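To start, the structure under review is shown below, and the notes come after it.
Every number in this text was worked out from the coordinates using simple rules, so none of it is lab data. If you're wondering where the values come from, they're calculated on a predicted model, not measured in any experiment. Cβ coordinates were reconstructed from backbone atoms using ideal geometry, including for glycine residues, and neighbour counts include every protein chain displayed.
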Amino acid sequence: MDKIRFATVWLAGCSGCHMSFLDLDEWLFDLAEKVDVVFSPVGCDLKDYPENVDVCLVEGAVANEENLELLNQVRKRTKLLISFGDCAVTANVPAMRNMLGSTEPVLKRCYLELSDTGTQLPKEPGIVPELLDRVRPIHELVNVDIFLPGCPPSAERIKAAIAPLLEGQKPAMVGREMLKF
Ligand code: SF4
């Protein structure tokens, strides 16, 4: 049987959800027997998201143009997209800047007020990805197959979501949290 093509993606998040994934410890060896990890910030240095991915965990909110482009690519090329952690599910901490009303105060704070050397905002396109006006959860932009909340989701809950998929089954409800098919 072909192995499941498995990916994880890191958008605007702190990487804590990926750290929780690594807390699966020895179960990762079982996972490795059943999947090919075709894209991930953890142990995979491919630059482009590949075609024909079976399952992808997406950590983080959508905060800039680069996040949005990658998310759209992930959706087009992935059968089962899992919104992974509270930043992906609700936009969570990265969305605190939405209260400021625009990106300008954030950019000024980062590039002028808190910088020892900065004297100007990044203006030339392409040097840093442009911030979106609002930080958004991923389901507002693409269709999501499964929601896996938590900040971060525990390793136990991650396993409960992924393990059935490896057997071609749907995951059950995990605690009071929502999993949608
Ligand atoms: Fe970090 Fe929590 Fe966001 Fe995961 S949900 S990326 S742990 S802040």
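Can you name the residue in region 43-73 that is more than 20 Å from residue 2 (Cα to Cα) and among the charged types (D, E, K, R) and, of all such residues, is surrounded by the fewest Cβ atoms within 10 Å (Cβ to Cβ)? Checking each candidate, the answer is 47.
Give me a count of the residues in region 92-105 that are more than 9 Å from the ligand (Cβ to nearest atom), among the aliphatic types (A, V, I, L, M) and surrounded by 14 or more Cβ atoms within 10 Å (Cβ to Cβ). Break it down stepwise before answering.
As a first pass, look at region 92-105 and keep what is more than 9 Å from the ligand (Cβ to nearest atom): 95-105.
Filter once more, keeping what is among the aliphatic types (A, V, I, L, M): 95-96, 99-100.
Narrowing further to those that are surrounded by 14 or more Cβ atoms within 10 Å (Cβ to Cβ): 95.
Summing the residues that are more than 9 Å from the ligand (Cβ to nearest atom), among the aliphatic types (A, V, I, L, M) and surrounded by 14 or more Cβ atoms within 10 Å (Cβ to Cβ) in region 92-105 gives 1.
For region 122-144, a tally of residues being in a loop (DSSP other than H, G, I, E, B) and among the aliphatic types (A, V, I, L, M) returns 5. Among the residues here, residue 88 does not qualify as over 16 Å from residue 158 (Cα atoms), in contact (Cβ under 8 Å) with a residue 12 or more places away in the chain, buried (at least 18 other Cβ atoms within 10 Å of the Cβ) and touching a strand residue (DSSP E or B) at 6+ places or on another chain (Cβ under 6 Å).
Listed by position, the strands (runs of 3 or more DSSP E) inside region 1-70 whose residues that are in contact with a strand residue (DSSP E or B) (Cβ under 7 Å, 6 or more places away or on another chain) and over 19 Å from residue 95 (Cα atoms) number at least 1 are 4-10, 35-39, 53-59. When residues in region 145-168 are screened for being part of a helix (DSSP H, G or I) and either touching a helix residue (DSSP H, G or I) at 6+ places or on another chain (Cβ under 8 Å) or surrounded by fewer than 18 Cβ atoms within 10 Å (Cβ to Cβ) (or both), 8 of them pass.
Scanning region 10-37 for residues that are away from the ligand (no atom under 12 Å from the Cβ) and touching a Phe, Trp or Tyr at 6+ places or on another chain (Cβ under 7 Å) gives 35, 36, 37. If I go through region 1-47 residue by residue, how many of them are in contact (Cβ under 8 Å) with a residue 60 or more places away in the chain and of a type in the set (Val, Ile, Thr)? Going through region 1-47 one residue at a time, the tally reaches 4. Selection within region 131-144: residues that are out of contact with any helix residue (DSSP H, G or I) (no Cβ under 7 Å at 6 or more places or on another chain) and within 15 Å of the ligand (Cβ to nearest atom). The member of this set that is farthest from residue 99 (Cα to Cα) is 139. So, in region 127-165, of the ones that are touching a residue at least 60 places away in the same chain (Cβ under 8 Å) and of a type in the set (Lys, Arg), which residue ends up farthest from residue 56 (Cα to Cα)? Per the stated criteria, the residue is 136. Number of residues in region 86-96 that are touching a Phe, Trp or Tyr at 6+ places or on another chain (Cβ under 9 Å) and either over 21 Å from residue 151 (Cα atoms) or not in a helix (DSSP H, G or I) (or both) equals 0. The single condition from (1) within 16 Å of the ligand (Cβ to nearest atom); (2) closer than 18 Å to residue 162 by Cβ; (3) within 12 Å of the chain's Cα centre (by Cα) that residue 42 fails is (3).
Residue 83 satisfies every condition listed in (1) away from the ligand (no atom under 16 Å from the Cβ); (2) of a type in the set (Ser, Thr, Tyr); (3) outside any helix (DSSP H, G or I) except (1).
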